Amino acid sequence: MNWNRFFISGFLVWLIQLTVADSLMIDTVRPDFIGILIMYWAVKYGRFLGTVSGMLFGLIIDFSGGALFFGLSPLTYSFTGYLSGNMRGLYSKINPFYFNLFWVAIFFLQFFIFCVINYQEILIIDLELFFGKWFGTSIYTISFMIILQFVYPLNRID
């Protein structure tokens with residue numbers, strides 16, 4: 001493992017998340033580039049690094065003022081890192097459809113946890129609006145992940 005590669009790519013994605021993601025925001029929905037990076041790292045290096053990097057990135061996001069609820073980002077990113085780490089070496093063992101369905105489901109679960117806590121007042125008042133926020137946030141990040149799949153697919157990570 002080359003630690004410089006981790007720090008440089010992590011720092012660049014963190015800067016992109018803080019600057020570019022706000023300009024790509026639609027209503028209150030913005031893409032989660034850090035979640036995508038954690039998924040790639042976890043698929044390449046396993047559950048432990050995915051969970052630890054998710055926790056560290058979550059703390060960095062919380063301390064940099066990008067979160068409303070302190071601790072929510074480390075929770076969701078650690079969750080994503082752990083579940084994505086289970087995908088390490090899985091592409092050759094299962095059907096590619098299920099492999100892709102698994103990473104899509106991970107993002108849906110991550111954003112469900114995020115939206116339940118972040119939009120809890122909307123959940124109580126308007127269930128349809130809550131599911132719209134959850135689905136919109138999930139689909140927006142998944143669409144960036146699909147675009148990235150054409151450039152650097154998850155199944156080619158060794």
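The values are calculated or read from the model by the stated rules, or taken from the named source; none is laboratory data. The structure displayed is predicted, hence computed values, not measured ones. Using ideal geometry, Cβ is built from the backbone for each residue, glycine included, and neighbour counts are taken over all protein chains shown.
How about the stretch 14-51: which of its residues are assigned to a loop (DSSP other than H, G, I, E, B) and either in contact with a helix residue (DSSP H, G or I) (Cβ under 6 Å, 6 or more places away or on another chain) or of a type in the set (G, A, S) (or both)?
If the condition is that a residue be assigned to a loop (DSSP other than H, G, I, E, B) and either in contact with a helix residue (DSSP H, G or I) (Cβ under 6 Å, 6 or more places away or on another chain) or of a type in the set (G, A, S) (or both), then R30, P31, D32, G46 are the ones that fit.
Out of F135, F130, report the one residue that is free of Cβ contacts under 8 Å to residues at least 60 places away in the same chain and either surrounded by 20 or more Cβ atoms within 10 Å (Cβ to Cβ) or in contact with a Leu (Cβ under 8 Å, 6 or more places away or on another chain) (or both).
F130
Could you run through the stretch 83-108 and say how many residues are of a type in the set (G, A, S), outside any helix (DSSP H, G or I) and on the phi < 0 side of the Ramachandran plot?
Of the residues in the stretch 83-108, the ones of a type in the set (G, A, S) are 84-85, 89, 92, 105.
Now drop any that are not outside any helix (DSSP H, G or I), which leaves 89, 92.
Within this subset, residues satisfying the condition of being on the phi < 0 side of the Ramachandran plot are 92.
Looking only at that region, the number is 1.
Given the criteria free of Cβ contacts under 8 Å to residues at least 12 places away in the same chain and among the aliphatic types (A, V, I, L, M), does L123 qualify? Break it down into steps so the answer makes sense when it comes.
On the way: free of Cβ contacts under 8 Å to residues at least 12 places away in the same chain: yes; among the aliphatic types (A, V, I, L, M): yes.
The answer is yes for L123.
When the stretch 83-99 is examined, which residues are found to be in contact with a helix residue (DSSP H, G or I) (Cβ under 8 Å, 6 or more places away or on another chain) and either surrounded by fewer than 20 Cβ atoms within 10 Å (Cβ to Cβ) or aliphatic (A, V, I, L, M) (or both)?
Within the stretch 83-99, L83, N86, M87, R88, L90, Y91, P96, F99 qualify.
Which one is modelled with the lowest pLDDT among residues in the stretch 109-158 that are outside any helix (DSSP H, G or I) and over 16 Å from the mean Cα position of the chain (by Cα)?
If we filter the stretch 109-158 for residues that are outside any helix (DSSP H, G or I), which is where we start, we get 119, 126, 152-153, 157-158.
Restricting the remaining residues to those that are over 16 Å from the mean Cα position of the chain (by Cα) gives 119, 126, 152, 157-158.
Working: Y119: 87, D126: 90, Y152: 86, I157: 73, D158: 62.
It comes out as D158.
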